[in-house]
Every structure is written in C-alpha cells, then in structure tokens.
Amino acid sequence: MTLSLQGQPLGTSTRLLDGEADGSILEVSMGPHHPSTHGVFRMNVALDGETVVKLKPVFGYLHRNHEKIAESISYLGSIPYSDRLDYFCSMTNNWAYVLSVEKLGGFAVPERAEYIRVIVAEMTRLLNHGCLIGFLAQDLGAMGTPLMYAFRQREKILDLFEALTGARMMCNYMRFGGVRVDLSPEWLQAVRKLVDEYPAFIDELEALLSENEILKPRLQEVGVLSRELAVQAGVTGPGLRASGVPYDIRKVDGYGVYPRLQFRVPIGEHGDCYDRYMIRLLEMRESLVLLKQALDQIPAGPFTNPQIKLRNLRPKAGEAYGRIEAPKGELGFYLISDGKGEPYRYRVRPPSLINLTPLEDMCLGQNIADVVAILGSIDIVLGEVDR
Amino acid sequence: MLGTGIVNGMVQTAKNFLGSFHDAERMVTVQYPEQRLPIKENYRNFPFLVHDGNDPDAGLRCVACKTCETECPAECIFIEMLRDPAGKPAKRPKVFDIDISVCMGCQICVEVCPFDAIKMDQIFEIATTDRFNPLLLKKEDLIKSNDYYHSLHPIEASEVDARLEADRQKKLAAAAAKAKAATPAAG
C-alpha cells in the first residue's frame, strides 16, 4: 500500500494513511494524553511492526492566543503572560521579552540589574536541565526516582525564587530597564550555599544514570540528528550543540554581561539522545561556574533605570528582535511598535516548537518505544509550542 | 563488568533511602496540612484593599481612580465610582470587585497604584465547590486593615507607611506655606 497525505491539501486532516489499512501498516495516535508527551501533544505514528515509517505531530491543544492578547494590552501587561510560555523557565522568558522592549525603546540597564538577570537565568537553567533529565528517565520507565531527586533540587531553587519575587514559578520579576525588587545579602548568601551544594546533586544524578546499562542502549544511537539537518531545521540550544555545532547565543550575541564571564560551551559528537542527555549535565556544571562568577562580581548600585516609566510606555515606531539563550534554545521576541501603548505586532520565536520540526526525521526507522525517548530528549514544553 | 552501572545507581538510591531516616537534609517533605512550612514574607497571591485606622469606609485609601482596572492584564478588576445625589464623584469606590478565579497574582495592580491602596494577600486555602460566587470578591471581602498588611509584609508595610507620612507632611507644609502667603494679601 502507498503512504500519502490523503491526496488532500496539507493540514486539512490529521490522518496519515489513505483509506483502509490492509493490516501491514498500523496507524497509532500517541497522545494527547499520553504521559510521555509532556503535556497535550499528539503524534500520529504509522507503524510497520514496531518500526516507525511515518510520523506526524499534531499540536494546538494548549493554544491560548498569547500573541494576540499581547497586541491588545500594554507592554507592561505582557510580562506576566510571558511567564506562562515555558512555565518552567519564567525568568528567561521575562528576560527575552524585556530585552526586546529595551532594544525597541533604546533603554539602558544598570549593571547590577544585568548581574541579577544572569544569576536568576542560570538558576533557571539549572532547574530546567535537572528536571529534563528526570523526565527523560521517567519516560524510559525509571518511575519516579531520578525525577524526584531532580524535583527535590528544583524545590530549593523555587524556594529562592519565592523569597525573591513572591511566586515560585510565575515570577513576573523583570521590568524594562531592570528588575522589580532588589536582592538582599541574605538571599545572595542562600544562592552561594545552593551553588556549593549543587555539584553533589549532579554527581548523584550522574552516578545514578550515566553508566546505567539499561539507560545506555535506550539512548545511545537512538534518534540521531545530523549536524546538517539540525542547522537546516533551525534547531537551537542543547539539541543543536549535541549534534556538534558550537552555537550558543550567550557567546554569539554576548547580551547582558555574559562577555565578561568565563564559561565553556559543551559540544556533543554523535547527536543521539545520549549526547543530548549528557549536554544537559555538562551545561549544569557550566551554569554553576557562571553563577559563582556572577555572585563574586555583582556590584552595588541601582537595580532599575528610574527614567523608564512603568505605565503608558510608548516606544517610538520601529521594530526590534531580542533573543536570548533560554534553557531550551533561542527564545526571541519580535516586536513592531507603531507608537501606541500596545505593540502592533508581537511574535514569539519559541525554541520548543522549532526544535520539534525534525522530529519525524529523528524517529523514522526507530522503534515505537524510542519515539518516547527522542521526544523526551528534545525538551519541549507545550505552553511554548502552542502559545 | 556488566551491571556495575545499575549497582552504582542502586547505591545512590540506598544512600537516599537510608539517609532519610537520620538526615534532615534528605527528608524534604512535610505532612501538610498537619505540618506547615512558614510562609515567605514576599509571598503573594491575590490583592486586597488597605484601610487606615479602625473605620474600613472612612480610612479606605482607594479613590476609585481605576488605574489598576485599566492596567490589569487579566482584566479581573471592576470598579465603579461612588457619586453623591448631584452626580459629583465622591472619590470612593461604590463597587470594587476582583474575580480571583481570573486573577493571576501578577501584582501589577500593586505596582501601578499611586495611593498604595491595593496590596497582595497571602490567603491560599480558598478552595470551594461553588464555581462563581465565593471567588468573586466584593468590596467588603477585600477591605482589610493596615495592621493586617503589617502582619503579612512587615518591612514593605513600614516603608509604605513612612512614604505616605512623608507625603502627608509635605502636603501639610505646602498648605501652611500657601496659607502664610495668602495671609498678608488678605490682611
């Protein structure tokens, strides 16, 4: 039998196969409430035995009209909404959005605020990568243990976020030209303690998983993403670096105070799931290096730019694209202003969605059980995929 | 040797399991609701209105300027100005509703309020079986005393009090200067 997209225009149907299957090919709908899909994501998979011969991602179940809402409210009002894109990493979402508004309006940011942003963003990276490894192991059947260890550690970071901003996950912390509240010396001391204790957790996770004889065959040489395809598909973040492309926006753009800080960018070799897993472990260690430097170098001074008013912000007409290296990849906000109080166009470049595009190429020829591992290693959050 | 990775992993699990019996660092959960963690001072969830003194109506800081209503990203605030029979605005809210089933606790209303009238509360055990009425907070439910605010956020509340007092002194001084300037002209 032939596989085709129904002879219909693309996107009009979510089915993969033409007519009745004769029994040699089976079409399975994985999701939207499959526990491994990290939310409400659905894949229509055509199977020959256990082998994937075609895969079609179907999403949009969590669509919340984020961009259109942002075009109807003030610039300030979009900051709490941006928390809810990738609900694991509200701090980096805030940063990407305020960075693009700062570019649009040409606002200066005080030095202390830049350091505060680096500190909270690297803490976000720690919690995101730790939890991702936990979720990946959970998807592969390690019920609970690695994930709960990761959550135990994440809880410490979330407690610090709560003490600083008042909320654990929806921090709503950054403002145009600075941050909302200043750090206290006690808080910095608590972060120092966290940074000192964190390597023990990474070592524990590594002893638990890295050499595990069940995990290795499930991840190694599974879901190989070639260097060329990764670049062509626009994959960014740890997924791209696992395929061997040294591209990190912290180095390339040098936004914030990253050019002043010393850190290395880990690069993978094979582009398989195990490399993507390992890149996360190595990036956590580099985040700790960054945090240590930022904690030592943070200067005294103002934490916000008093010239920027909070309400009735009307940047002059123009456009700006601000992007940062979020834990999942390049997160960018493209804004067009026509001089009014709300943006004329507000577009999010979500890393989760764009990293999903080569999913089919990574899954073809693999077993159906490997699809779960591949999806888990990409690191998606559906709040950001669907927006 | 095959299996060492798994055995090493098991050692980590055993360390955590046995450690949880004697090491408080490894015992990270609490038995809510019998045990509770202290609430952090900065913790916020839903807004409330602050009044000075003992009379909730006379001491209300809110003047129904509707700044928070226009700035609220979730549009969960509804305000109506109180008017006297002649239709003159009384600078008091007649209706002040917050739908906390819509509110996302972003505290933008707190930041934009020019009168320090709206602040963030820390109530969190508000689950209810009724979907609408208990979650639509009316003016009476929202007004709470300044002392209550002090009990939630002591540092922040003291700063706000000092700022308001300084503003009041400045206004008094300005009024006194104006009166002084006006007296010779009248005399």
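The values are calculated or read from the model by the stated rules, or taken from the named source; none is laboratory data. Note that the coordinates shown come from a computational prediction; the quantities given were computed from them, not determined experimentally. All Cβ positions, even for glycine, are placed from backbone atoms using ideal geometry, and neighbour counts span all protein chains on display. Ligands, DNA and RNA are excluded from the accessible area calculation, which covers all protein heavy atoms including side chains. Shrake-Rupley method; radii C 1.70, N 1.55, O 1.52, S 1.80 Å.
With the convex hull of the Cα atoms taken as the outline of the protein assembly as shown, the averaged projected area works out to 34.9 nm². With everything on Cα atoms, drop me the angle between helix B:154-186 and the longest principal axis of chain B, reported from 0 to 90° to the nearest 10. The angle comes out at about 10 degrees.
Burial here means at least 30 square angstrom less accessible surface with every protein chain in place than with the chain by itself, probed at 1.4 Å; in segment A:190-235 the buried residues are A:E204, A:A207, A:L208, A:E213. From its DSSP helices (H runs of at least four residues, each -39,500 (n - 2.57)), chain A gives a residue-normalised ellipticity at 222 nm of -14000 deg cm²/dmol.
Within the accessible area of chain B, the carbon and sulfur atoms contribute 60%, probe 1.4 Å, all protein chains present. Scaling the Cα radius of gyration of chain B by the globular reference 2.2 N^0.38 Å produces a ratio of 1.59.
Between the C-alpha center of segment A:252-283 and that of segment A:122-200 there is a gap of 19 Å. Segment A:33-52 and segment A:307-375 have Cα centres lying 25 Å from one another.
Using a simple spin-label model with pseudo-atoms 7 Å out from Cα toward Cβ, B:K91 and B:E41 lie 3.3 nm apart. Any chance you could give the angle, 0 to 90 degrees and rounded to 10, that helix B:4-22 forms with the longest Cα principal axis of chain B? Value to nearest ten degrees: 60.
Checking the Cα-Cα distances for B:K66/B:K138; A:K68/A:K103; B:K66/B:K171; A:K309/B:K119; A:K103/A:K292; A:K340/B:K144 against a 26 Å cut-off, the pairs over it are A:K103/A:K292; A:K340/B:K144. Residues of segment B:26-48 whose accessible area (probe 1.4 Å, heavy atoms of protein chains only) drops by at least 30 Å² once all protein chains are present, relative to their chain alone: B:V28, B:K40, B:N42, B:Y43, B:R44.
Computed over protein heavy atoms with a 1.4 Å probe, the accessible surface of segment A:191-295 works out to 40 Å² per residue. Peptide packing: for A:188-195, A:94-101, B:29-36, B:77-84, the average count of neighbouring Cβ atoms within 10 Å per residue gives the ranking A:94-101, A:188-195, B:77-84, B:29-36, highest mean first. For the pair B and A, the buried accessible area comes to roughly 2500 Å² in total, with a 1.4 Å probe and the value rounded to the nearest 100.
Per residue, segment B:47-155 exposes an accessible area of 51 Å² to a 1.4 Å probe, with every protein chain left in place. Using the Cβ-Cβ distance between A:F151 and B:E125 with R0 set to 30 Å, the FRET efficiency works out to roughly 0.85.
Remark on segment B:47-155: ratio of C-alpha radius of gyration to 2.2 N^0.38 Å is 1.06.
When each full DSSP H helix of chain A is screened for a Cα extent of at least 30 Å along its own axis and an average Kyte-Doolittle hydropathy of at least -1.0, the helices passing are A:111-139, A:185-209, A:273-297. Rounded to the nearest 500, the 222 nm mean residue ellipticity of chain B from helices alone is -12000 deg cm²/dmol, with -39,500 (n - 2.57) taken per DSSP H run of at least 4 residues.
Using the Karplus relation 6.51 cos²θ - 1.76 cosθ + 1.60 with θ = phi - 60°, the per-residue 3J(HN,Hα) values for segment A:316-322 come to 5, 4, x, 9, 8, 10, x Hz, with x marking Gly and Pro. When you restrict to C-alpha pairs under 8 Å that are six or more residues apart and normalise by the size of chain A, the relative contact order lands at 25 percent.
Structural descriptor for segment A:92-168: relative contact order 21 percent, calculated from alpha carbon pairs under 8 angstrom and at least 6 residues apart.
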